[in-house]
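The values are calculated or read from the model by the stated rules, or taken from the named source; none is laboratory data. Remember, predicted model here, so these are calculated numbers, not experimental data. Ideal geometry is used to build each Cβ from the backbone, glycine not excepted, and the neighbour counts take in all protein chains shown.
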Amino acid sequence: MIEARFHDSIDSISAEAWDALRPDDNPFVSHAFLSLLERTGCIRPDWGWRAHHLGLYEHGTLVAAAPLYLKGNSHGEFVFDWSWASAWERAGGDYYPKLLNAVPYSPVPGPRLLAGVGPRAAEYRVSLTTAMRQFAARMNLSSVHANFLRDDELPAFDHDWLVRSDVQFHWHNHGYADFAGFLSALNHKKRKNIRQEREHVARSGLSIEWHGGDKLSQAEWRRIHELYEATFDAKGNHAALTGTLFSALGESLGDAVQVALARQGEHIVAMALFLQSHDTLYGRYWGADMDVPGLHFELCYYQGIEHAIKRGLQRFEPGAQGEHKLARGFLPVRTHSRHYLVNTSFRSAVREALAHETEAVDDYANELLAHTPYARHGTAR
């Protein structure tokens, strides 16, 4: 007998048991990262987030789990359903709260249905999606959403779940010896543009550094958070990650956190924050208080590519959106989400609308692939 239990804090689940269910070392679904978000004030009901994690227990042992949140809005998800919410509420329904299977503030593909890698993993993943649907029906919720899924998790969602996909831009390591080796794979125009951008930064007089998060001082972490917060504020966005979280990142996650810095003398003037697994680098946040041509590309992309080559990482995912990444060696890949709308009539109407959206996304992805920056098509994925 499998028992489904819901937890209003990740810390009510054993960290060892949770992490043992991860199929890889993606840091975003680690117990340490999810706990840090909760303990440092990033997961708050007044910001639309309430932890409600799912655990499946067999004879008292945790055999599967999923990071879940009751959402009071659709902020911080990066799979946009505002139009669905508006339509449902115009019809007299309450769209929120909804149930979300995702990592907060992180448009990063990775495990969402944690079931280990054993012979019953596929069975447990189906049990997780079934438990989510049953909870939504029992609590009279409008919907359940699972965002940025791994390919091997998709079969756990039956036909009642609506299918959505989008496009991100990822860099792949094809055994490059160094950054020059990567440049040599690009066509002449793209190679020339990247060199010019890097030369602008080199002539600026700024010193560029790369550090593991556990090697930075608390004063440096405070400065990094200042730059992150100021950049969000300048764009009119809400900076959801607290200074307390930044101060604890290096200590809690160690080498899984990486930071590229630009200094003018001793003063940090720009930063790019990354997380990494054993084979993938994930770009997350950028901040700067001075305008230097090419500095964003240097810290957020070129330093990351150099780091991935040096570490032998196979992939670099710099974040959501951004066609400008294509010209810098990042190729389009598809991301996947699944959505269960409890009301069958509403589900049918949205399914019809999604058919048109899917066609548009397919056309967009195919158009992007026709403009590969690589000189040899065999280097693209």
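Among the residues examined, Tyr340 does not qualify as assigned by TED's automatic domain parsing to the domain that holds Asp178, among the hydroxyl-bearing types (Ser, Thr, Tyr) and at pLDDT 95 or above. Looking for something in a loop (DSSP other than H, G, I, E, B), within 18 Å of Asn193 (Cβ to Cβ) and of a type outside the set (S, T, N, Q) - is there at least one such residue anywhere in region 329-350? Yes, because at least one residue in region 329-350 is in a loop (DSSP other than H, G, I, E, B), within 18 Å of Asn193 (Cβ to Cβ) and of a type outside the set (S, T, N, Q). Go through region 109-159 and give me each residue that's in contact with a Gly (Cβ under 8 Å, 6 or more places away or on another chain) and closer than 19 Å to Val342 by Cβ. Matches in region 109-159: Ser142 only. In this structure, Leu100 does not satisfy being surrounded by fewer than 22 Cβ atoms within 10 Å (Cβ to Cβ) and within 19 Å of Leu128 (Cβ to Cβ). For region 104-136, a residue qualifies if it is farther than 14 Å from Asn26 by Cα, among the β-branched types (Val, Ile, Thr) and assigned to a loop (DSSP other than H, G, I, E, B), and exactly one does: Val117.
Residue by residue, here is whether (1) under 30 Å from Ala91 (Cβ atoms); (2) among the polar types (S, T, N, Q); (3) without any contact (Cβ under 8 Å) to a residue 24 or more places away in the chain holds:
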position: Gly287; (1), (2), (3): no, no, no
position: Gln303; (1), (2), (3): no, yes, no
position: Leu313; (1), (2), (3): no, no, no
position: Pro318; (1), (2), (3): no, no, no
position: Arg328; (1), (2), (3): no, no, no
position: Leu331; (1), (2), (3): no, no, no
position: Thr335; (1), (2), (3): yes, yes, no
position: His339; (1), (2), (3): yes, no, no
position: Val350; (1), (2), (3): yes, no, no
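Every listed requirement among (1) crowded, with 22+ Cβ neighbours inside 10 Å; (2) within 29 Å of Leu326 (Cβ to Cβ) is met by His296 save one, (1). Here Phe246 meets each of (1) of a type outside the set (Asp, Glu); (2) under 19 Å from Arg315 (Cβ atoms); (3) touching a Phe, Trp or Tyr at 6+ places or on another chain (Cβ under 6 Å) with one exception, condition (2). Against the numbered list (1) in contact with a Pro (Cβ under 6 Å, 6 or more places away or on another chain); (2) without any contact (Cβ under 8 Å) to a residue 12 or more places away in the chain, Gly175 comes up short only at (1). Of the strands (runs of 3 or more DSSP E) lying entirely inside region 166-283, those containing at least 2 residues that are small (Gly, Ala, Ser), modelled with pLDDT of 95 or more and surrounded by 19 or more Cβ atoms within 10 Å (Cβ to Cβ) are 257-264, 267-276. Asp25 falls short on exactly one of the conditions (1) of a type outside the set (Phe, Trp, Tyr); (2) farther than 24 Å from His278 by Cβ; (3) touching a His at 6+ places or on another chain (Cβ under 7 Å), and that condition is (2).
Among the residues of region 1-34, the one identified as crowded, with 20+ Cβ neighbours inside 10 Å and hydroxyl-bearing (Ser, Thr, Tyr) is Ser30.
A single member of Ala327, Ala320, Ala353, Ala360 is surrounded by fewer than 19 Cβ atoms within 10 Å (Cβ to Cβ), of a type in the set (A, V, I, L, M) and over 26 Å from Asn147 (Cα atoms), and it is Ala327. The single condition from (1) in contact (Cβ under 8 Å) with a residue 60 or more places away in the chain; (2) not assigned by TED's automatic domain parsing to the domain that holds Leu56 that Met132 fails is (2).
Residues that are basic (Lys, Arg) and either over 17 Å from His52 (Cβ atoms) or in contact (Cβ under 8 Å) with a residue 60 or more places away in the chain (or both) within region 81-122 comprise Arg90, Arg112, Arg120, listed in sequence order.
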